[in-house]
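Below is one structure; the comments refer to it alone.
FYI, it's all coordinate maths here, none of it is from the lab. Note that the coordinates shown come from a computational prediction; the quantities given were computed from them, not determined experimentally. All Cβ positions, glycine included, derive from the backbone under ideal geometry; neighbour counts span all protein chains shown.
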Amino acid sequence: MPEAEIRAKLPPFDPNKVKLGNAKKPELVAEIIEVARMEHGNDEVANGALHATTGTLAIVGFRRSEGVKQYHIGEMTEPQMIEAAFVNILAAFDKGVIVSGFFIKGFDLPFIVQRAWLLGVKVPTRIFNAFKPRYPWSENIVCLQEVWLAGSAAQFGTRVSLATVLRELGLPSKSGSGADFGALWASDQKAALQYNADDLAVEMRLAERLI
């Protein structure tokens, strides 16, 4: 979503909510408030691509063995991409194939499901069941981060990065960062598609090691 649209969604700046600390002098208070005014909304803009209400899907990729499927903007509309994603996931279920990914239940699938709701695309209950709020995801969907943490996440709320897990297991590291994908897609779509394919290969090697 363009920056102007993201900022339009934000509540107006409220100087009364600015944290002043121990500042008492009027000129210092005014300076702190002005800095806060200038920074208002910057975090939301910077992270806009990571939220379903302000970001959009650019690409959805799947890998099985050596085969890679990629659906992306330019070839399909976003609703068509989401529907294709659901079709692939359900086809995997029908074949008894596990669908896995790193933090897939914490980011990838929630983002797709929320985009589906926003765009009016029906979400299959076999993938996400709203009537099971504690465990809404299919048992055939496996989060590799949860597997690596071996139950500690449920007990202690632990998180770990993919880079850390790959390093500890002695597996090849991934190239680039997902946080930079939006900029990469905007500047070089061929490189972005290759990044996605490489990311899928990395996660496939991790899945083969863990499950």
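Could you sort out which of Lys69/Lys174; Lys105/Lys174; Lys122/Lys174; Lys17/Lys105 sit more than 23 Å apart by Cα distance in this structure? Write down the numbers at each step before the final one.
Values: Lys69/Lys174 19 Å; Lys105/Lys174 20 Å; Lys122/Lys174 33 Å; Lys17/Lys105 34 Å.
Violating the 23 Å Cα-Cα cut-off are Lys122/Lys174; Lys17/Lys105.
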Let's see if you can work this out: charge +1 on each Lys and Arg Cβ, -1 on each Asp and Glu Cβ, no other charges. What is the dipole magnitude of the chain about its Cα centre, in debye to the nearest 20? 620 debye
Could you give the radius of gyration (one decimal) and Dmax (whole number) of the Cα atoms in the range 83-153, in Å? 12.2, 36
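Once you have the Cα-Cα distance between Thr77 and Leu118, take 0.36 nm times their residue separation minus that, and quote the gain in nm to one decimal.
Working: separation 41, 0.36 × 41 = 14.76 nm, distance 1.40 nm.
Length gained between Thr77 and Leu118: 13.4 nm.
If we sort 140-148, 25-33, 188-196 on the protection proxy, mean other Cβ atoms within 10 Å, highest first, what's the order? Please list the in-between numbers first.
Numbers: 140-148: 19.1, 25-33: 12.0, 188-196: 15.9.
In descending order of packing, they fall as 140-148, 188-196, 25-33.
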So what's the projected area for the chain, the Cα convex hull averaged over all directions, in nm²? 15.5 nm²
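Among bridges DSSP assigns within the chain, what percent are antiparallel (round to 5)? If you can, show how the numbers build up before the last one.
On the way: 7 of 11 bridges.
Taking every DSSP beta bridge within the chain, about 65 percent pair in antiparallel fashion.
Any chance you could run the full-extension gain for Glu139 through Lys69? It's 0.36 nm times the residue separation minus the Cα-Cα distance, nm to one decimal. Can you show the working numbers first?
Working: separation 70, 0.36 × 70 = 25.20 nm, distance 2.27 nm.
Full extension of this stretch gives 22.9 nm more.
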Relative packing of 168-181, 77-90, which averages over residues the other C-beta atoms within 10 Å, highest first: 77-90, 168-181
What distance in nm lies between label points placed 7 Å from Cα along the C-beta direction at Val35 and Ala163? 2.8 nm
Suppose every K and R has +1 on its Cβ and every D and E has -1 on its Cβ; what is the size of the dipole of the range 97-211 about the Cα centre, in Debye to the nearest 20? 380 debye
Output needed for the range 149-205: three equivalent-ellipsoid semi-axes, defined as square roots of 5 times the C-alpha gyration tensor eigenvalues, in descending order, whole Å. 27, 14, 8
Label-point gap, in nm, between Thr53 and Leu20 - each point 7 angstrom along Cα→Cβ: 3.0 nm
